[in-house]
């Protein structure tokens, strides 16, 4: 988050627009990969903010590999999320209005390697058995994924 951290030095904790990407990584058992975040102790998707010059797909792949050790072979655009539902105030006070491009990944390789600077744990969960403590900005993304996978309008 070099770009965002540089902006924070100028604007402090006031709300920023933060553009980023996340990955809904689904294994062969149709389970969703979640990470237990170190900053808020909630489960969420692998993802992060766009750096200068990056594409959103590059962000998604980079963050997935940095946070979980897994490498996406292919990503499929799922949906772009923005607005009040993805607003977030971090535990340390920084505020963001996220613009998140969500990708689905079913084709990946590698071994799980946890980035212990950001992540406490990584695990796969069935969509009907997700942890209760979900990271707030990921909830609308996961709900939409659940709705689409269950064929609900």
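List of remarks:
- Tally of residues being more than 24 Å from residue 39 (Cα to Cα) and either touching a helix residue (DSSP H, G or I) at 6+ places or on another chain (Cβ under 8 Å) or in a loop (DSSP other than H, G, I, E, B) (or both) across the range 50-73: 4
- Of all positions in the range 1-20, at least one carries a residue that is in a loop (DSSP other than H, G, I, E, B) and under 19 Å from residue 118 (Cα atoms).
- Count - residues of the range 34-49 that are within 16 Å of residue 98 (Cβ to Cβ) and out of contact with any helix residue (DSSP H, G or I) (no Cβ under 7 Å at 6 or more places or on another chain): 4
- When residue 76 is tested against (1) free of Cβ contacts under 8 Å to residues at least 60 places away in the same chain; (2) assigned to a strand (DSSP E or B); (3) under 15 Å from residue 35 (Cβ atoms), just one condition goes unmet, and that condition is (3).
- Which listed residue is at pLDDT below 95 and out of contact with any helix residue (DSSP H, G or I) (no Cβ under 8 Å at 6 or more places or on another chain), from 107, 121, 111, 116: 116
The values are calculated or read from the model by the stated rules, or taken from the named source; none is laboratory data. Small disclaimer: the values here were computed from a predicted structure and weren't measured. Every residue, glycine among them, receives a Cβ derived from its backbone with ideal geometry; neighbour counts consider all protein chains shown.
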